[in-house]
Amino acid sequence: MQDAAGAVMTFFESASAGNATITVNGGSGGGEGGTIFFNRQSDGGTASLALFNNGELDIGRHGHRLLTVGSLEGDGLVFLGARGLAAGSNNRNTAFSGIIQDGGISHGTGGSLSKIGTGTLKLSGANAYTAGTILSAGGLVINNTTGSGTGAGAVAVDAGTLGGKGIVAGGITVGTGSGTGAFLEPSIDASKPTTLTIQSALTFKADGIYTYKLNTKRARADQVIANGVTIESGAQFNFVAVANTRLTLGTVFIAIDNTSVNPITGPFANLPDGSIFTVGRNNFQVSYSGGDGNDLTLTVVP
């Protein structure tokens, strides 16, 4: 199903998009793009939504707080108003480089994004929605270069894996404290180690896991930058070595660059401060006061 440039498609009352594939195109020559509205009690089902250029999705007048759709992709515009969008019910892997924001026809504020389903959603736009992000399954990859890939609000990783090389403005909480496992893995979707930048605080709950990749052949590793770090009792550190090259003694890897003036609170349960562990041909010593005094570092030792 294709929405032509400038055309409007509206789902209202109990109408459902079912499992349709809906493409919304932008206007040519600077013209108005197509728009799809979900109003009142309508349902997004498992529909695949593809928005291009200035093609739009607007859910601000939906009758429920949350609208579920199968997947989101393209580089168009999403207007949430004061509603939440849950994407991923068809379990596809998709990428969206457009802008997700509040506003739209309802002029509402307080929009949110939820990632559901087993697929992975990649976001690379400077998103501007304000009421936060929830990851409950699958993967969410943040690859923006400006602004915040997850808008202004906090990010809750209740389950699944969050990663990427982008920038997140709000605080990130990994795990719920009682779940079966939630993961922070910067290079989740990359062939080489990457750095995820968090401009606010990072918290690992008891079921939170930091998956950290270190390429011994290139002496490069993942890194998380965060403005304050809390590691609650039970949280785990998952070290993944790529290759098995002997590293130069004294090499220091900063696993978490804590930009706060405060020290990291609490160690990972399986990574005590001062301990030494061996992976392949290398021994690493752990410090939660490394770097400029309050970073988590791994130093290659004899």
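So here's what we get for this one:
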read-out	value
Sole exception among (1) without any contact (Cβ under 8 Å) to a residue 24 or more places away in the chain; (2) farther than 23 Å from ALA235 by Cα; (3) crowded, with 20+ Cβ neighbours inside 10 Å for GLY166, by number	(1)
Candidate set: segment 128-150, residues that are in a strand (DSSP E or B) and not hydrophobic (A, V, I, L, M, F, W, C); chosen: the one surrounded by the fewest Cβ atoms within 10 Å (Cβ to Cβ)	GLY139
Residue within segment 31-39 that is in contact with a His (Cβ under 8 Å, 6 or more places away or on another chain), at pLDDT 95 or above and polar (S, T, N, Q) present	yes
Search result, residues across segment 40-89 that are of a type in the set (Lys, Arg), surrounded by fewer than 22 Cβ atoms within 10 Å (Cβ to Cβ), without any contact (Cβ under 8 Å) to a residue 40 or more places away in the chain and in a loop (DSSP other than H, G, I, E, B)	ARG65
Sole residue being touching a strand residue (DSSP E or B) at 6+ places or on another chain (Cβ under 7 Å) and over 14 Å from ILE172 (Cβ atoms), chosen from ASN238, ASN244, ASN258	ASN238
Positions within segment 90-103 being β-branched (Val, Ile, Thr) and crowded, with 23+ Cβ neighbours inside 10 Å, in sequence order	ILE100
Test: residue in segment 104-127 that is surrounded by fewer than 18 Cβ atoms within 10 Å (Cβ to Cβ), in contact with a strand residue (DSSP E or B) (Cβ under 6 Å, 6 or more places away or on another chain) and assigned to a loop (DSSP other than H, G, I, E, B)	yes
Total residues in segment 201-222, condition surrounded by fewer than 18 Cβ atoms within 10 Å (Cβ to Cβ) and either within 10 Å of LEU247 (Cβ to Cβ) or polar (S, T, N, Q) (or both)	2
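The values are calculated or read from the model by the stated rules, or taken from the named source; none is laboratory data. Bear in mind the structure is a predicted one, so any value in this text is a computation, not a measurement. Every residue, glycine among them, receives a Cβ derived from its backbone with ideal geometry; neighbour counts consider all protein chains shown.
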